[in-house]
1. Looking at the range 266-290, which of its residues are farther than 17 Å from Glu589 by Cβ, among the charged types (D, E, K, R) and exposed (fewer than 14 other Cβ atoms within 10 Å of the Cβ)?
2. Among Leu644, Leu584, which is among the aliphatic types (A, V, I, L, M), surrounded by 20 or more Cβ atoms within 10 Å (Cβ to Cβ), touching a helix residue (DSSP H, G or I) at 6+ places or on another chain (Cβ under 7 Å) and not in a loop (DSSP other than H, G, I, E, B)?
3. Got a number for residues in the range 548-560 being out of contact with any helix residue (DSSP H, G or I) (no Cβ under 6 Å at 6 or more places or on another chain) and either open to solvent by 10 Å² or more (accessible area, probe 1.4 Å) or farther than 15 Å from Trp426 by Cα (or both)?
4. Cβ contacts < 8 Å: first residue closer than 14 Å to Asn176 by Cβ and of a type in the set (D, E, K, R), restricted to the range 139-161; second residue modelled with pLDDT under 95 and open to solvent by 10 Å² or more (accessible area, probe 1.4 Å), any location; separation 6+ or different chain. Result?
5. Examine the range 460-468 for a residue that is open to solvent by less than 10 Å² (accessible area, probe 1.4 Å), in contact with a Cys (Cβ under 9 Å, 6 or more places away or on another chain) and part of a strand (DSSP E or B), and state whether such a residue exists.
6. Out of Glu97, Glu138, Glu82, which single residue is at pLDDT below 95, surrounded by fewer than 22 Cβ atoms within 10 Å (Cβ to Cβ) and within 22 Å of Cys575 (Cα to Cα)?
7. Would it be correct to say that Thr337 is at pLDDT 95 or above, open to solvent by 30 Å² or more (accessible area, probe 1.4 Å), among the β-branched types (Val, Ile, Thr) and at negative phi?
8. Residue check, Leu685 against (1) open to solvent by 50 Å² or more (accessible area, probe 1.4 Å); (2) part of a strand (DSSP E or B), all met but one. Which one?
Amino acid sequence: MRNHHTVVLFPSLLRLLEVLLGVTYGRAVEYRDYRLQELRGTEPLHGNWGHGKPWFYTDILGDPQEDRSPRNTNREPRATKETARQLGKSAANSKSECPPLGLENLKIDDFQLHASSIKRYGLGAHRGRLNIQAGLLEDDFFDGGWCAGRNDPLQWFEVDARRLTKFTGVITQGRNSLWSSDWVTSYKVRVSNDSHTWTTIKNGTRDVVFSANSEKELPVLNSLPTPVIGRYIRVSPHSWYPRGCICMRVEILGCPMPDPNNYYHRRNEITTTDKLDFKHHGYKEMRQLMKTVNEMCPDITRIYNIGKSYNGLKLYAIEITDNPGQHEQGEPEFRYTAGSHGNEVLGRELLLLLMQFMCQEYLVGNLRVRHLVEETRIHLLPSVNPDGYEKVFELGSELGGWSLGRWTQDGLDIHHNFPDLNSVLWEAESRKWVSRKVLNHHLPIPEWYYSKNHTVAVETRALISWMEKIPFVLGGNLQGGELVVTFPYDKARSQWKVQEQSPTADDPVFRWLAFSYASTHRLMTDAGRRVCHTEDFAKEEGTINGASWHTAPGSMNDFSYLHTDCFELSMYVGCDKFPHESELAAEWENNRESLLVFMEQVHRGIKGVVRDMQGRGIANGTISVEGINHDIHTAADGDYWRLLNPGEYRVTVRAQGYNPASKVCEVGYDMGATQCDFVLSRTNLSRIKEIMEKFGKRPIKPLQQQVRHRQTQT
């Protein structure tokens, strides 16, 4: 019998609840990860417990005596907490360390993963990938890890690198689950060249037992005492959480040995000819890079900030256009944002690469880039949540987990922190108030949202102010953790439905915009690619209506569509939220064409200027398209842009004090918006009011009375 200690100190109520219930729900899972990281400092977790002890015992109180269970009689050497901590730091920060083989980013395919046994198909070896997420119902296909068919020390998880590889480290997590608590607390590592003869990693003459996880979500890194070369590597669980099962998610660190004849290496190799800065950038490095781009291309760039984060970091944006600093009549405004979830860092780096690329290509005379710069005012905001990013950046690409850094410093999800205007519109539609009492566009923000409270992030307020100030036409926010493009509405119309198709009035346009990005991405529409987690978006052409994926009230996409004239979409640009630095060049190649093609869509549809009889632009005019129950407004100079698919449209323009005007505008298939201008005449009533204002609101004498008055005077 094992000795269990009954007196345990808990650092937080959350951990006590987890021990008692064995389960965490929804956002609590990710918040718990954040709190655990705060409690233990910013170093990766490395336990030092004996076999059979509850994980919380040695993690908090230490291990006063070695466990005397039968399996531990060999007194195998263990990595101490301090040793493991130093190994984790060196692996996270050293540029010479080997990168991940690619379990998380799918470079390692399912056929390269094997296991001694499995509990069921959904918990097979193919699911043992670092940070893989389980489906909500955890069915037989999409569970959150590999789980052995039985709990004994003969189980193993194996990776076939398909070529000789210098293995340097192993990263592990427990099973991702809302309902179960399963993780491995220690393991051994074995290496082989032929999958028959195996060598156990040793420290001298003794097998090394590596301390693993103390809970199921935070990744734990163990570097091997000495790098070893082989083709196959096995992780063999030695002990596990006693209330759970043997379950793991794994990443292997290794450097492929030179082998120019290796078929698999040649097949998967992606190279780029772009001379860009392929590295991760902290806040100061990001700021310096933007400054460098501005100095290289001062005539077409301008750096500005839209506000500050909770911790006071400025939210920097860069403007790329031929006349930076001002809106030009007839030139549409476009934006890319990234990093609203601070731990989804690929989008941040893609925008930093994009601004470098556009500057370089403009200077060498790339006609495509020159046309974009000269005909569009482009805004790139690479880090909406710099506070969250800095947290995960300290740990490095593999050790941040799935959730650390996702929220703002005060715990808010920026992307879903906007006013819920969907409910306002839908209730008005049900009461048939549109458009007598409630307009179908530019819905006002509720008054309570402007009050000082702790439910609205300062970053969100800065974004809203920015969105209201500039007449954006099209925007994309780059997310991470999946390969799909989502479009509004993100909130389901039915109150209690988690998933429901919820189209906007511009659904055909949104579908085209989403497809324009997905179809030009190297992987999104590839029918042969492996799903990232649980959804096969490739069969949906790499796009999906946001609410039919999962309902999300108060999203940036819905708010942008209902409160401004900007059509906003979300691009989930990679399965791995925080890819290793060595993967950035490949990810740039995956997304470069998509980033350019989507920007070009701002020039699809109709555009024009609405003027009065004297040729002056009319601001705040309403542009209505017959058959589409969503209007837009003219900008301050009277110019407008209306995104539309090819076809003929009857367009009507209205403005206060002017007679409405209509005409048929045709949108072709060629790139470039159709020019469709309007000239409005003043209404009689507005002319009378203007004249009365001019004469101090005094009645004007009829012309005959004025003539008679002059005759009597003469």
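The values are calculated or read from the model by the stated rules, or taken from the named source; none is laboratory data. Please read all numbers here as calculations on a predicted model, not as lab measurements. Please note: Cβ atoms are built from the backbone with ideal geometry, for glycine as well, and neighbour counts cover all protein chains shown. Protein only, heavy atoms only, side chains kept; ligands, DNA and RNA dropped before computing areas. Shrake-Rupley method; radii C 1.70, N 1.55, O 1.52, S 1.80 Å.
1. Lys284
2. Criteria check complete, one pass: Leu584.
3. 7
4. Filtered contacts from the range 139-161: Asp143/Arg120; Asp143/Ala134; Asp143/Gly135.
5. No, the conditions are met nowhere in the range 460-468.
6. Just one listed residue meets the conditions, Glu138.
7. No; evaluated as a whole, the condition is false for this residue.
8. (2)
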